[in-house]
Amino acid sequence: MDNERGDLDRQKELQANALARETGVTMNEALALIELVGPHRGAMLRVAKIVQARKRGRTP
């Protein structure tokens, strides 16, 4: 059971790292987005782009 949780945590970290690199959000923001929208790549990208645009003072 602990091994499965570790695998899921590593997978989430890899997803967050990729999302942060691709969209410019921070690693913490990426982890939070994954928690909010789940591991659905399209949804993560869409929300991350909104977050990044708002940080820059623009609306998507």
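The values are calculated or read from the model by the stated rules, or taken from the named source; none is laboratory data. Keep in mind it's a predicted model, so treat the numbers as computed, not measured. Cβ atoms come from the backbone with ideal geometry, glycine included; neighbour counts cover every protein chain shown. Heavy atoms of the whole protein, side chains included, go into the accessibility calculation; ligands, DNA and RNA do not. Shrake-Rupley method; radii C 1.70, N 1.55, O 1.52, S 1.80 Å.
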Next on the checklist: Taking the conditions exactly as written (in contact (Cβ under 8 Å) with a residue 12 or more places away in the chain and over 10 Å from the mean Cα position of the chain (by Cα)), does VAL47 satisfy them or not?
Outcome noted: no
Next on the checklist: Out of ARG10, ARG58, ARG5, I need the residue that is out of contact with any Leu (no Cβ under 7 Å at 6 or more places or on another chain), open to solvent by 100 Å² or more (accessible area, probe 1.4 Å) and not in a helix (DSSP H, G or I). Which one?
Outcome noted: ARG58
Checklist outcome for this item: Of the residues in the range 21-43 that are assigned to a loop (DSSP other than H, G, I, E, B) and at pLDDT 90 or above, the one that is most open to solvent (accessible area, probe 1.4 Å) is THR26
